[in-house]
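J.: Sharing a structure with you now.
The values are calculated or read from the model by the stated rules, or taken from the named source; none is laboratory data. Computed from a predicted model, the values in this text were never measured in an experiment. Methodologically, a virtual Cβ is constructed for each residue, glycine included, from the backbone with ideal geometry; neighbour enumeration extends over all protein chains shown. For accessibility, only protein heavy atoms count, side chains too; no ligands or nucleic acids. Shrake-Rupley method; radii C 1.70, N 1.55, O 1.52, S 1.80 Å.
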Amino acid sequence: MTWSPTFDAKDVEIHEDQRVFDGFFKMHRLTLSHACFERAPMTITREIFRRGNAVVVLLFDPIRERLVLIEQFRAGAVDAPGGPWLLELVAGMVEAGESIQEVAERETQEEAGIAVKHLAPILGYLPSPGGMDEWIDLWYGFVDSSLASGIHGLDSEHEDIRVLCLPAQEVFDLLDQGRLNNGAIIIGVQWLRIHYDRIVQEGVEVMRKSNET
């Protein structure tokens with residue numbers, strides 16, 4: 001059996017949408033009614049973190065079989081096991097008028113200092129829909145990891161980002177050891193491991209053609 005949702009957005013009525021915090025992030029208080037499976041519609045009030053849409057890019061060098069990852073401080077991880085400096089994939093928010101591909105290219109340049117080739121989607125998902133509206137588009141792209149090094153990020157955004165190039169097998173080992181601890185990198189690395197042979201073959205061909213032009 002193929003699953004599909006029982007209800008959709010037409011089965012939700014928003015009575016009030018009030019912005020209750022307007023700082024670096026936005027918080028809204030929603031009062032709404034929604035359909036229920038075996039009872040009359042219920043009315044609830046929920047605070048929602050309005051985050052918007054983001055793009056995350058799995059950067060893979062198919063020739064050297066390495067992943068280009070970044071390390072940076074995250075305030076939300078101050079109390080997390082292992083501390084607040086996380087190993088992550090390149091990512092950024094979608095600004096008005098930007099396409100997903102444009103964001104992926106921009107963020108790869110800003111955070112890793114390199115160009116990305118042959119961008120393609122993996123999947124889209126909601127990281128924490130119980131309290132946040134953020135939607136993440138996870139993509140992959142091929143890079144020359146020999147060009148990736150150093151410290152990057154925008155001073156205007158208070159970014160301090162270290163670039164790391166790690167063998168794919170080493171990253172798979174980190175996953176197995178539970179040392180990858182944020183959703184995007186876990187999903188991206190699991191996906192790469194499942195599709196590894198196909199992605200290597202595809203990437204080698206893409207990089208070969210790119211070097212010929």
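J.: What's the total number of residues in region 197-213 that are buried (at least 16 other Cβ atoms within 10 Å of the Cβ), modelled with pLDDT of 95 or more and not β-branched (Val, Ile, Thr)?
T.: Total satisfying the criteria: 2.
J.: Can you tell me which residue is farthest from Met207 (Cα to Cα) among those in region 145-195 that are touching a Lys or Arg at 6+ places or on another chain (Cβ under 7 Å) and open to solvent by less than 60 Å² (accessible area, probe 1.4 Å)?
T.: Phe172
Yes/no per residue for (1) surrounded by 14 or more Cβ atoms within 10 Å (Cβ to Cβ); (2) part of a strand (DSSP E or B); (3) at pLDDT 95 or above:
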{"position": "Cys36", "(1), (2), (3)": "no, no, yes"}
{"position": "Thr45", "(1), (2), (3)": "no, yes, yes"}
{"position": "Val55", "(1), (2), (3)": "yes, yes, yes"}
{"position": "Leu58", "(1), (2), (3)": "yes, yes, yes"}
{"position": "Leu69", "(1), (2), (3)": "yes, yes, yes"}
{"position": "Gly76", "(1), (2), (3)": "no, no, no"}
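J.: Between residues in region 135-159 that are closer than 21 Å to Met93 by Cα and modelled with pLDDT under 95 and residues that are open to solvent by less than 90 Å² (accessible area, probe 1.4 Å) and in a strand (DSSP E or B), which pairs lie under 6 Å by C-beta distance while being six or more apart or on different chains?
T.: His152/Ile161; Gly153/Ile161
J.: Next question, about the same structure. Residues Val171, Val204: which one is of a type in the set (A, V, I, L, M) and over 18 Å from the mean Cα position of the chain (by Cα)? Break it down stepwise before answering.
T.: Working: Val171 fails: over 18 Å from the mean Cα position of the chain (by Cα).
When all the criteria are applied, what remains is Val204.
J.: Could you grab the pairs with beta carbons closer than 8 Å, sequence gap of 6+ or different chains, first residue in region 167-189 and closer than 23 Å to Ala120 by Cα, second one among the aliphatic types (A, V, I, L, M) and open to solvent by 60 Å² or more (accessible area, probe 1.4 Å)?
T.: Ile187/Leu123
J.: Looking at region 121-144, which of its residues are of a type in the set (Ser, Thr, Tyr) and either surrounded by 16 or more Cβ atoms within 10 Å (Cβ to Cβ) or within 18 Å of Glu105 (Cα to Cα) (or both)? Please lay out each step first, then the result.
T.: Start the filter on region 121-144 by keeping residues that are of a type in the set (Ser, Thr, Tyr), which leaves 125, 128, 140.
Across region 121-144, the qualifying residue is only Tyr140.
J.: Can you find, within region 25-34, the residue that is farthest from Gly76 (Cα to Cα) among those that are within 28 Å of the chain's Cα centre (by Cα) and open to solvent by less than 40 Å² (accessible area, probe 1.4 Å)?
T.: Restricting attention to region 25-34, the residues satisfying the condition of being within 28 Å of the chain's Cα centre (by Cα) are 25-30.
Among the residues that remain, those that are also open to solvent by less than 40 Å² (accessible area, probe 1.4 Å) are: 28, 30.
Numbers: His28: 19, Leu30: 24 Å.
Only one residue tops the list, namely Leu30.
J.: Mind listing just one residue for me: the one in region 82-127 that is farther than 27 Å from Ser146 by Cα and touching a residue at least 40 places away in the same chain (Cβ under 8 Å) and, of those, farthest from the chain's Cα centre (by Cα)?
T.: Keep residues of region 82-127 that are farther than 27 Å from Ser146 by Cα, which gives 82-84, 94-99, 123-127.
Checking which are touching a residue at least 40 places away in the same chain (Cβ under 8 Å) leaves us with 82, 94, 123, 125, 127.
Values: Gly82: 20, Val94: 11, Leu123: 10, Tyr125: 9, Pro127: 9 Å.
If we take residues in region 82-127 being farther than 27 Å from Ser146 by Cα and touching a residue at least 40 places away in the same chain (Cβ under 8 Å), then Gly82 is farthest from the chain's Cα centre (by Cα).
J.: Got a sec? Which of Gly178, Gly124, Gly141 is of a type in the set (Gly, Ala, Ser) and not in a strand (DSSP E or B)? Lay out the reasoning, then the answer.
T.: Details: Gly124 fails: not in a strand (DSSP E or B); Gly141 fails: not in a strand (DSSP E or B).
Only one candidate passes the filter, namely Gly178.
J.: While we're looking at this one, here's another question. Which pairs do you get when a residue that is surrounded by 10 or more Cβ atoms within 10 Å (Cβ to Cβ), found in region 1-22, comes within reach of a residue that is polar (S, T, N, Q), reach meaning Cβ atoms under 6 angstrom, with the pair 6+ apart or on two chains?
T.: Listed pairs, sorted by first residue: Glu13/Ser33; His15/Thr31; Glu16/Thr31.
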